[in-house]
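> Right, I'll just put the structure down here and ask away after.
The values are calculated or read from the model by the stated rules, or taken from the named source; none is laboratory data. This one's a predicted model, so the numbers in the text were calculated from it and none came from an experiment. Every residue, glycine as well, gets a Cβ built from its backbone with ideal geometry; the counts of neighbours run over all protein chains shown. Surface accessibility is based on the protein's heavy atoms, side chains included, excluding ligands, DNA and RNA. Shrake-Rupley method; radii C 1.70, N 1.55, O 1.52, S 1.80 Å.
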Amino acid sequence: MLTALKVSFTIAGNGEEAVNAYKRSPASLVLMDLQMPVMDGFKAAKAIREFESSSGGGKAKIIGLSGGNV
């Protein structure tokens with residue numbers, strides 16, 4: 001669906017990969033799975049916020065998503 005809308009996106013396999021991808025190329029919107037392996041979405045979102053604060057960059061909108069019970 002995102003491709004059809006011509007939206008640029010990156011897919012990460014786990015929370016640690018998501019944080020590293022954001023550090024390489026900050027996005028304006030992050031759709032974050034809350035139940036990811038290695039680092040869950042809550043910790044990944046916190047790490048992104050810490051990176052934003054330390055780098056002086058803007059703040060992405062982070063939307064937490066879950067397919068299960070949280």
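> Going through segment 22-47 one residue at a time, which ones are assigned to a strand (DSSP E or B), open to solvent by 40 Å² or more (accessible area, probe 1.4 Å) and either in contact with a Leu (Cβ under 9 Å, 6 or more places away or on another chain) or over 17 Å from Ala12 (Cα atoms) (or both)?
Leu31, Asp33
> Further, regarding this structure: If we scan segment 48-61, do we find a residue that is in a loop (DSSP other than H, G, I, E, B), free of Cβ contacts under 8 Å to residues at least 60 places away in the same chain and among the basic types (Lys, Arg)?
Taking every residue of segment 48-61 in turn, at least one turns out to be in a loop (DSSP other than H, G, I, E, B), free of Cβ contacts under 8 Å to residues at least 60 places away in the same chain and among the basic types (Lys, Arg).
> Could you list, in sequence order, all residues of segment 1-10 that are within 20 Å of Ser66 (Cβ to Cβ) and either open to solvent by less than 100 Å² (accessible area, probe 1.4 Å) or at pLDDT 95 or above (or both)?
Matches in segment 1-10: Leu2, Phe9.
> Related question: Among the residues of segment 12-21, how many are outside any loop (DSSP other than H, G, I, E, B) and either on the phi > 0 side of the Ramachandran plot or open to solvent by less than 80 Å² (accessible area, probe 1.4 Å) (or both)?
Summing the residues that are outside any loop (DSSP other than H, G, I, E, B) and either on the phi > 0 side of the Ramachandran plot or open to solvent by less than 80 Å² (accessible area, probe 1.4 Å) (or both) in segment 12-21 gives 5.
> Only residues that are among the β-branched types (Val, Ile, Thr), over 22 Å from Met1 (Cα atoms) and exposed (fewer than 14 other Cβ atoms within 10 Å of the Cβ): list them for segment 48-70, please.
Val70
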